[in-house]
Amino acid sequence: MDKDESNGATTVELSRRTFIEQAASVAALSGISLFPRLGDVETSLQQPAAAPSAANDTKRREYLEKLLNILPPAPAFNDWLKASGELPPDFDALPRVNGLPDPFRFVDGREVKTAADWQARRREIGDLYQKYQLGTFPPRPKINRAIVLDETRGEGYLIRNVRLEFGPHNQGTMRVRLILPNGTGPFRVLVCNSLAGWGPALIRRNYISCGYAANDFMDDAAPLDKLYPDYSFALLPRRAWAAGIVLDYLETLPQVDMKRIGIFGYSRDGKVAAIAAAFDQRIAAVIAGSTGVGGVLSWRSAGESRFAESIESDTREFPTWFLMRLRFFCGREDRLPIDGNLLVAMIAPRSCLIEYGLNDQVSNSYGDERTYDSALKVYQRLGHPERLGIFRLPGFHGANDEERDLDWLDIQLGRSSEVWSNDRLFPWSFDAWRTQTHQEFDLSRYPEHRPGDILTARNGALISSVAAWEAKAAEVRESVAWMLGGEPAMLPPGADVPAFLARFRNLGARRGPAQSATAVSNPGQVSPRIHAWVIQQGGNAYGWLEPQKSQTASRPLNFGYGVKGTLYYPKDTPAGKKLPAAIWLHGLSYPLGYMWVYHFNLHPILALVQAGYAVLAYDQSGFGTRMSETGPFYQRYPQWSCMGRLVEDARMAAGALQGDEAVDPERISIFGYGLGGLVGLYAAALDPRIKSLVSICGFTPMRTDTADKGAGGLARYSYECGLVPRLGFFVGHENRVPYDYHDLMGLIAPRPAMIVQPVLDRDANPADVHASVAQASEVYRLYAAADKLNLWEPWDYSRLPDYMQDKAIQWMGQA
């Protein structure tokens with residue numbers, strides 16, 4: 001049985017042998033390849049959509065007006081809107097899939113059960129890509145002339161420059177450079193959309209290097225839109241389409257082994273390579289280097305909510321890359337019928353290597369592994385799981401190991417018998433966890449809960465006093481402790497060394513508590529340090545803007561079990577002054593931890609410092625400098641949980657601030673976004689030292705987070721990843737979860753809490769969040785503190801623009 005990627009449900013798995021035999025039979029009977037050739041465009045893409053009703057049209061216009069009001073200006077998009085008159089889709093009519101779309105499920109919900117079904121599904125994916133992201137491709141034209149411009153012979157090779165002429169009146173041209181080994185071949189080929197290619201490395205391995213001029217520095221593909229005005233292919237898809245013409249030329253050369261053609265691209269050129277491989281089955285292998293979104297990395301795994309490149313940033317900064325229509329899906333990635341995992345699925349069963357840097361700000365280690373996991377199911381069913389690989393290198397964007405890439409290509413194209421190892425950072429299996437940790441679970445011990453039961457005691461009595469609530473609160477804490485698992489014992493700082501050594505250790509310390517004696521090294525650390533590197537980048541897409549950057553000072557503040565934090569504070573703070581403090585808890589920012597990228601507004605750390613706060617920031621476990629902690633976590637701590645570690649760190653951070661001489665211990669707050677907002681909710685509920693909480697896009701109630709709602713359900717915390725594994729016991733029985741987030745807000749009462757829940761947040765069910773806060777407010781009323789719990793529901797999606805963080809920080813100052 002396979003787990004469905006969006007909700008953890010089970011679907012019937014076909015026998016791989018049966019499926020492969022059917023695939024061969026379908027191909028033989030139909031006389032066509034299982035993978036259609038580039039340019040096979042479904043008729044449906046050429047036909048206008050049915051006219052919407054007047055009411056629907058009005059709704060879509062209203063949505064567009066609101067969207068334009070919140071998005072940064074995008075002149076090219078505005079021009080396109082005026083020229084096309086196009087409106088956003090009716091998002092309510094599109095399936096909501098917040099997890100990766102299932103390769104084996106059609107858009108209408110039907111399952112892929114046979115090889116013929118897969119052929120149809122693959123064609124559907126290609127059509128949807130052309131509709132929403134790439135644009136339509138013209139049929140590939142015949143090459144009218146291949147003109148050899150020059151040839152240069154070297155020792156053991158020949159360099160040949162060629163101009164291909166094609167299309168109406170030979171107006172289409174493409175420059176190609178070949179570096180051919182001496183001999184008759186046939187030789188393996190690696191194609192790059194750069195004339196330089198990888199010639200020096202390839203010639204040493206007896207490959208042909210084939211470069212073509214279709215990149216930012218030399219782009220013969222750019223004018224093809226004017227040559228084919230009836231087709232809508234955007235710039236990067238035009239470059240990918242041009243690869244097919246280059247392959248047509250290679251077919252004419254006797255030295256070329258057409259069964260062993262590879263293609264490589266990095267960054268935006270990696271997107272080009274992946275698209276070319278998906279749409280042209282003659283490409284036997286693709287090395288997709290740090291493609292970022294729009295390539296093999298899914299839009300759903302990135303975006304503003306993941307502090308990363310997004311539909312919004314790409315369609316504004318690089319408006320020619322993809323269709324303008326894509327911009328309608330800003331923040332609505334869950335309604336997009338395509339994503340990067342499906343692009344890789346289209347390549348299957350041909351070979352694909354997903355390459356990226358560990359702290360690659362354009363890519364995303366977790367997101368790339370999710371693409372791998374999803375596409376691997378297709379490779380497995382087609383009988384070739386060994387053809388899909390991942391390759392993670394140390395470093396930021398630009399990290400690339402050409403020789404190791406070619407080692408992989410050698411394996412795929414039959415030159416090497418080496419077995420490739422896919423080194424996973426985030427391996428996870430709920431079933432394996434349950435077996436290895438001997439988890440016992442009896443669902444009958446957990447009664448069903450009804451909405452609105454927060455002031456109902458276990459015996460059914462109505463809670464009408466603070467004392468009665470605090471009795472229930474103790475039960476809630478017990479349930480939370482069971483769900484998060486038992487915290488391992490931890491020595492306090494310095495407890496493992498003699499007192500006289502501790503005194504010597506602290507002589508040179510900066511002000512604040514001593515570093516933990518239990519600090520552990522981090523093998524995933526890159527040089528230079530991630531956070532220092534981001535700050536050095538300054539503004540641009542990182543949010544470290546002037547003059548706020550220069551007005552901020554910082555010093556190390558380490559705490560807990562080896563957590564390396566930094567305290568940021570106003571530069572000219574007088575000695576002895578005690579500042580209010582905020583703990584900044586970031587969201588799902590895998591490559592950069594508590595920093596972000598592709599965000600053009602002020603970073604929250606600087607915004608808080610400007611408001612007079614000392615801000616303690618650190619990478620949460622599993623992110624940034626601490627990504628390596630996730631993989632072995634449950635072998636080290638089988639009865640704990642990753643969420644338990646996150647909450648422990650936040651509570652230890654509060655303790656560190658409380659003991660810091662520059663901090664007012666009675667004014668410690670948490671400012672959390674996304675996952676950080678959820679961690680902050682738990683930490684504040686369990687730790688009275690946290691005096692106030694801001695939770696932005698932090699949670700959706702568990703008992704109503706069912707699979708059918710499309711946000712991801714409890715499976716995203718238990719089946720998809722090991723954040724809170726015990727939640728997996730309640731998938732399909734959500735109303736039996738022993739506590740919910742309204743209970744946690746009740747534990748925080750009467751301390752101030754602000755919940756920010758944008759109405760378009762794809763990771764939540766906003767109406768359920770509204771109801772949850774309404775329930776929690778009943779507890780606040782018991783304390784006569786109803787005004788201390790605030791809910792703000794802006795018309796926006798999951799992101800943190802200036803106006804949102806400014807209002808939250810203003811609230812903190814008044815709470």
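Tabulated values for the structure
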| item | result |
| --- | --- |
| For the chain, share of DSSP beta bridges that run antiparallel, in % to the nearest 5 | 45 |
| Karplus-derived HN-Hα couplings along the stretch 183-192 (A = 6.51, B = -1.76, C = 1.60, θ = phi - 60°), whole Hz, x at Gly and Pro | x, 9, x, x, 10, 5, 10, 10, 9, 9 |
| Residue pairs, from the table K66/K226; K564/K709; K549/K578; K82/K142, whose Cα atoms sit over 29 Å apart | K66/K226; K564/K709; K82/K142 |
| Per-peptide average of other Cβ atoms within 10 Å, ordering 680-689, 177-186, 360-369 highest first | 360-369, 680-689, 177-186 |
| Protein accessible area in the chain, 1.4 Å probe - carbon and sulfur % | 51 |
| Kirkwood Rh, angstrom, the stretch 685-814 [1 / mean 1/r, Cα pairs] | 15.4 |
| Spin-label pair Q610/M258, simplified geometry with 7 Å Cα→Cβ offset, distance in nm | 6.1 |
| Using distinct alpha-carbon pairs, which all enter the 1/r mean, Kirkwood radius of the stretch 577-703 in Å | 15.0 |
| Amide H contacts under 5 Å for L585, placed H, 5+ residues apart | F671, G672, Y673 |
| Projected label distance in nm at S465 and D219, using a 7 Å step from Cα toward the beta-carbon | 7.4 |
| Potential lengthening between S550 and V107 on full extension [0.36 nm per residue; Cα-Cα distance subtracted] | 154.4 nm |
| D806/D57 FRET efficiency (R0 56 Å; Cβ-Cβ; nearest 0.05) | 0.95 |
| Estimated vicinal HN-Hα couplings, Hz - the stretch 541-550 in sequence order (Karplus 6.51, -1.76, 1.60; Gly, Pro = x) | 9, 9, x, 8, 8, 9, x, 4, 4, 6 |
| 14 Å beta-carbon shell around T437, net charge (K/R +1, D/E -1) | +1 |
| Ordering of 65-71, 664-670, 611-617, 105-111 by burial proxy (mean other Cβ atoms within 10 Å per residue, highest first) | 611-617, 664-670, 65-71, 105-111 |
| The stretch 536-695: antiparallel DSSP beta bridges as a percent of all, rounded to 5 | 40 |
| Restricting the stretch 552-604 to chymotrypsin sites (Phe, Trp or Tyr not before Pro) in coil, as DSSP defines it, with at most 13 other Cβ within 10 Å | none |
| Residues of the chain: accessible area per residue with a 1.4 Å probe, Å² | 39 |
| Separation in nanometres of the label points that stand 7 Å from Cα toward Cβ, at E793 and S444 | 4.0 |
| Förster radius 35 Å - calculated FRET efficiency between H770 and K577, Cβ distance, rounded to 0.05 | 0.30 |
| Entries of K113/K271; K131/K259; K271/K571 with Cα pairs more than 32 Å apart | K271/K571 |
| Cα-centre dipole for the chain with unit charges at Cβ (Lys and Arg positive, Asp and Glu negative), debye to 20 | 820 |
| The chain: relative contact order in percent, alpha carbon pairs under 8 Å with at least 6 residues between | 11 |
| Mean shadow area of the stretch 176-314, taken as a quarter of the surface of its Cα convex hull (nm²) | 9.2 |
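The values are calculated or read from the model by the stated rules, or taken from the named source; none is laboratory data. Note that this is a predicted model, so its numbers are computed, not measured. With ideal geometry, Cβ positions are generated from the backbone for all residues, glycine too; neighbour counts draw on all protein chains shown. SASA here: full protein model, heavy atoms, side chains in, ligands and nucleic acids out. Shrake-Rupley method; radii C 1.70, N 1.55, O 1.52, S 1.80 Å.
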